[in-house]
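Asks: Just dropping this structure here.
Here, each number is a calculation from the coordinates, and none is a lab measurement. The shown structure was predicted, so the numbers you read here are calculated from the model rather than taken from an experiment. All Cβ positions, glycine included, derive from the backbone under ideal geometry; neighbour counts span all protein chains shown.
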Amino acid sequence: MALPTSGGQLGSRPPGSPDMFPGRVFPRLSTQRLLLREITPQDRDALLANYSDPEVARWFLEKPPASTDQVDKILREFISSYDRGAGLTWAIVFPESGELLGTCGYERVEVGSEGEIGFDLAKAYWGKGLMTEALAAILAFGFGEMGLERVVASTYSRNLRACRMFEQLGFCGRPEGEDSRLFVLSRADWGARVA
């Protein structure tokens, strides 16, 4: 199945669609160890390998994908979400090798208001601070370039790694439902943290 492409610029949208970043190409972010770049159809095999790991998939999928068609659907949604101005997902890669480690981004975003983050990371890279580093970069971008006032994230209460990571990043958590926690970070709290 062929995936739609956008000529390398996800910033070009159909007429009448919201423009998240007027006149700009997809934002690339760099950290000390990582590059966060536009996700593309060429990332399918790496995402399939990551999402096929039950230890990774259990946090955001009902079950690991059984085919590339399921991963193609996820990729199309990542790309379409940006094209519609509804979300923004980065591929997380090592800059030297280009190896894809996972994804992170704003699953839902209202520029100037609120964004909701989501992420996944290959199990081989858990516990190395890489996702904390990637999320710090997209939080800085969200509060800076996107003018967000608040960022939220939800995870299972039993996902202790994610809960600790959100707390390390300055989020405040509270129970949400039977088995999940909602984490919230305000612009003011982020600013005080990085000042």
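Asks: Roughly what % of Cα-Cα distances in the range 29-194 sit above 19 Å, to the whole percent?
Replies: 55 percent
Asks: Right, next: Neighbouring Cβ atoms within 10 Å as the yardstick, rank 179, 43 fewest first.
Replies: In increasing order of surrounding Cβ atoms, one gets 179, 43.
Asks: Given points 7 Å out from each Cα along the Cα-Cβ axis, report the residue 42 to residue 161 separation in nanometres with one decimal.
Replies: It is 2.8 nm.
Asks: Assign unit charges at the C-beta atoms only (+1 for Lys and Arg, -1 for Asp and Glu), then state the dipole size of the range 29-194 relative to its Cα centre in Debye, rounded to the nearest 20. Intermediate values should be presented prior to the final figure.
Replies: Values: 19 positive and 25 negative charges, 85 e Å.
In debye, rounded to 20, the range 29-194 gives about 400.
Asks: If you take every residue apart from residue 98 with its C-beta less than 15 Å away from the C-beta of residue 98, what net charge results, scoring Lys and Arg +1 and Asp and Glu -1? Each step should come with its number before you reach the end.
Replies: Numbers: positive: 28, 33, 37, 44; negative: 38, 43, 45, 96, 99.
My count for the surroundings of residue 98 gives -1.
Asks: Of the listed peptides 89-95, 73-79, what is their order by residue-averaged count of other C-beta atoms within 10 Å, with the highest listed first?
Replies: For the peptides 89-95, 73-79, the packing ranking is 89-95, 73-79.
Asks: What number, in percent, do you get for the relative contact order of the range 65-129 if the mean sequence gap of Cα pairs under 8 Å and at least 6 apart is divided by its residue count?
Replies: 21 percent
Asks: Next question. Suppose the chain between residue 97 and residue 124 were pulled fully straight at 0.36 nm per residue; how much longer would it get relative to their current alpha carbon spacing?
Replies: Numbers: separation 27, 0.36 × 27 = 9.72 nm, distance 1.58 nm.
Full-extension gain reported as 8.1 nm.
Asks: So if each residue of separation counts as 0.36 nm, and I subtract the Cα-Cα distance between residue 33 and residue 108, what length gain in nm does that give? Spell out each step's value before the answer.
Replies: Values: separation 75, 0.36 × 75 = 27.00 nm, distance 2.61 nm.
So the chain would gain 24.4 nm between residue 33 and residue 108.
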